[in-house]
Amino acid sequence: MAGGIRKSVLIPVAIFLLVGGVLFSVAAGGREVSGEGYLDRPLPEFAQPPLIGDERGLSALDIRGEVALINVFASWCAVCLSEHPMLMRLAAEEGVPLYGLNWKDRPGAGRRFLDRHGDPYVATGEDAAGRLGAQLAVTGVPETYLVDAEGRIRYRHVGALTERVWQEVLRPLIRDLERPS
């Protein structure tokens, strides 16, 4: 009987630890991937509607002609909230155009999130059904895409943008893309 009790306690504890480890890894940015499969892929043609209360949505044409970042976020995403101060800093201090894609969120929730925490985006599109996210191969939020001036995806970062990711990965890539050929 004692062996049965131990197993009945150990299995839920093991499952809890496994799930907790996965969630911690995701929250810490552990979903980071190199984006190699996404390099040099053209940004799909799209025209996303605006967030409720906004006049302007987001289209592929908005992004062409400049090196820019597209950040995929959702109001329900705790990691997006932890990443948000970094996005606000990038928008205020770094001069890189940052566009938002509100992914699989409730109507109005994206606008409320940005009103509450600040809006770092030049423009934001709504992707409630996740169709554009599917074209971009979004696996979850947050994800950020670096797009060159010709509208090609040059890098994909899965997970929260951190100062380290900015300094070691994105900033050098952006500088290379902005150099005259």
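The values are calculated or read from the model by the stated rules, or taken from the named source; none is laboratory data. Nothing here was measured: the structure is a model prediction, and the numbers come from that model. So basically every Cβ, Gly included, is an ideal-geometry build from the backbone, and we count neighbours across all protein chains shown. Heads up: the accessible areas ignore ligands, DNA and RNA and are worked out on the full protein's heavy atoms, side chains in. Shrake-Rupley method; radii C 1.70, N 1.55, O 1.52, S 1.80 Å.
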*Quick one: which of 108-117, 70-79, 172-181 comes out on top by average Cβ neighbours within 10 Å, and what's the full order, highest first?*
70-79, 108-117, 172-181
*Please say if segment 74-151 is rounded, prolate or oblate, where rounded means a/c under 1.5 for a ≥ b ≥ c the square roots of the C-alpha gyration tensor eigenvalues, and otherwise the choice is prolate for a/b larger than b/c and oblate otherwise?*
oblate
_Average accessible surface area per residue within segment 76-169, 1.4 Å rolling probe, Å²_ = 40 Å²
*asked:* Accessible area of segment 39-181 with a 1.4 Å probe: how many percent of it is carbon plus sulfur?
replied: 53 percent
